[in-house]
Amino acid sequence: MVAAPALGRLVAATVTALVLGTGSASAFPASPTTTPMCAGVGTPRTLVAQPSAFEAVAFDRDGRMLLSNAFGNSVDIVDGPGAPPRPIATVPSPGGLAPVPDGTVLAGSGNALTAFLAPTAELRQLNPATGEQAVVARGLSMANGVVRASDGTVYASSDVEPAIDRISPDGRVERAWYRASTGNGLALSADGRTLFANVSTGDTGIVAIDTETAESRVHFRPPAGLEWVFFDDLDIDAAGRLYAAAYFGGQVWRIDPDGTHCAIASGLVLPAGISVGAEGAGYSRDSVYVTTHAGSVLEIPNAVPHL
């Protein structure tokens, strides 16, 4: 896939930075699209609303919600629906989150415009119970999106330059392992053979990358006329359905393996992070959870069809 022009990436990143800087929910009101709504999905409900900008969302081993808080420079935890977020660790410019089976979580640090200047982002491993953290990889491009394979390999994206980094289980960094396009949200297929990546600017869409060869193909493109929606975060369910946040479009899209798509939510303000739910702390596997840069965390009930 052809990389987005540098100017286009700069404009998109600068606009996002302005939104984060003002914290204004009305800076970019949600824009309607022609994407059809998915059948059977419940009405989104707000779980958290505060003057902040939440980037990524994930669930730890116990089913508790984890958030990367851009304003707070922290990773926060929400112990259950209705509970307030509470910081568990200071993480400068937090980006993607990836749970680890041992109960810890990987968090990107350096998700900022400084990525234009040098690859100084880091990958940190946090203990949600104690707040202890350790840097496990340095010299990353941005760590905007972070996803972990079952063998311990980690992929970290940059949405301002064509560089998806790969970190081996022993911490070795292969910077710009994938160079064909920028990347934003990341998701891995169940067998670990395919890395899906949102391309936010330029040739907007979702690419499917072979994790052995780093060769890619276009998996999905928005319909003609909707290239401006700016895909942000990405997740995948057990059936291989993808869930993408359309940041400027104000929607969340579900994309089936055959390429058909529909919206599970509309009218949102700057939806950014996305995760399929987990059980164990009052959340639901049938729901999709979305953060916004307007300070909200939303639950979209019945968004994941039963297998």
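The values are calculated or read from the model by the stated rules, or taken from the named source; none is laboratory data. Since this is a predicted model, take the numbers as computed values, not measurements. Glycine also receives a Cβ, built like all others from the backbone with ideal geometry; neighbour counts cover every protein chain displayed.
Some notes on this structure:
- Taking the stretch 55-69 as the range and being part of a loop (DSSP other than H, G, I, E, B) and charged (D, E, K, R) as the test, the residues that pass are Asp60, Arg61, Asp62, Arg64.
- Of all residues in the stretch 79-111, those satisfying the criterion of being surrounded by fewer than 18 Cβ atoms within 10 Å (Cβ to Cβ) and closer than 25 Å to Asp170 by Cβ are Pro92, Val100, Pro101, Asp102, Gly103.
Residues checked against (1) touching a His at 6+ places or on another chain (Cβ under 8 Å); (2) touching a residue at least 60 places away in the same chain (Cβ under 8 Å):
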| residue | (1), (2) |
| --- | --- |
| Ala224 | no, no |
| Trp253 | yes, yes |
| Val288 | no, no |
| Val297 | no, yes |
| Ile300 | no, yes |
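A quick yes/no check of all residues on (1) at positive phi; (2) in contact with a Lys or Arg (Cβ under 9 Å, 6 or more places away or on another chain); (3) of a type in the set (Val, Ile, Thr):
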residue: Arg221; (1), (2), (3): no, no, no
residue: Gly225; (1), (2), (3): yes, no, no
residue: Leu242; (1), (2), (3): no, yes, no
residue: Asp258; (1), (2), (3): no, no, no
residue: Ser266; (1), (2), (3): no, no, no
residue: Val269; (1), (2), (3): no, no, yes
residue: Tyr289; (1), (2), (3): no, no, no
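For (1) touching a strand residue (DSSP E or B) at 6+ places or on another chain (Cβ under 8 Å); (2) of a type in the set (Asp, Glu); (3) buried (at least 24 other Cβ atoms within 10 Å of the Cβ), each residue gets a yes or a no:
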position	(1), (2), (3)
Asp237	yes, yes, no
Gly240	no, no, no
Cys262	yes, no, no
Leu270	yes, no, yes
Ala278	yes, no, no
Asp286	no, yes, no
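Conditions (1) in contact with a strand residue (DSSP E or B) (Cβ under 9 Å, 6 or more places away or on another chain); (2) assigned to a loop (DSSP other than H, G, I, E, B), marked per residue:
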| residue | (1), (2) |
| --- | --- |
| Pro87 | yes, no |
| Gly103 | no, yes |
| Leu106 | yes, no |
| Pro119 | yes, yes |
| Glu122 | yes, no |
| Val135 | yes, no |
| Ala143 | yes, yes |
| Val147 | yes, no |
| Ser150 | yes, yes |
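- Residue that is nearest to the chain's Cα centre (by Cα), among those in the stretch 161-201 that are part of a loop (DSSP other than H, G, I, E, B) and within 19 Å of Ala246 (Cβ to Cβ): Gly185
- A Cβ distance below 6 Å, combined with a sequence gap of six or more or placement on separate chains, defines the contacts here; from the stretch 85-96, residues that are among the hydroxyl-bearing types (Ser, Thr, Tyr) reach residues that are part of a strand (DSSP E or B) and at pLDDT 95 or above in the pairs Thr90/Ser74.
- When restricted to residues that are under 15 Å from Ile164 (Cα atoms) and in a loop (DSSP other than H, G, I, E, B), the stretch 202-240 contains 5.
- Selection over the stretch 180-193 of residues that are over 19 Å from Asp258 (Cβ atoms) and surrounded by 24 or more Cβ atoms within 10 Å (Cβ to Cβ) gives a count of 6.
- Checked against the criterion of being surrounded by fewer than 17 Cβ atoms within 10 Å (Cβ to Cβ) and of a type in the set (Val, Ile, Thr), the stretch 194-208 has no qualifying residue.
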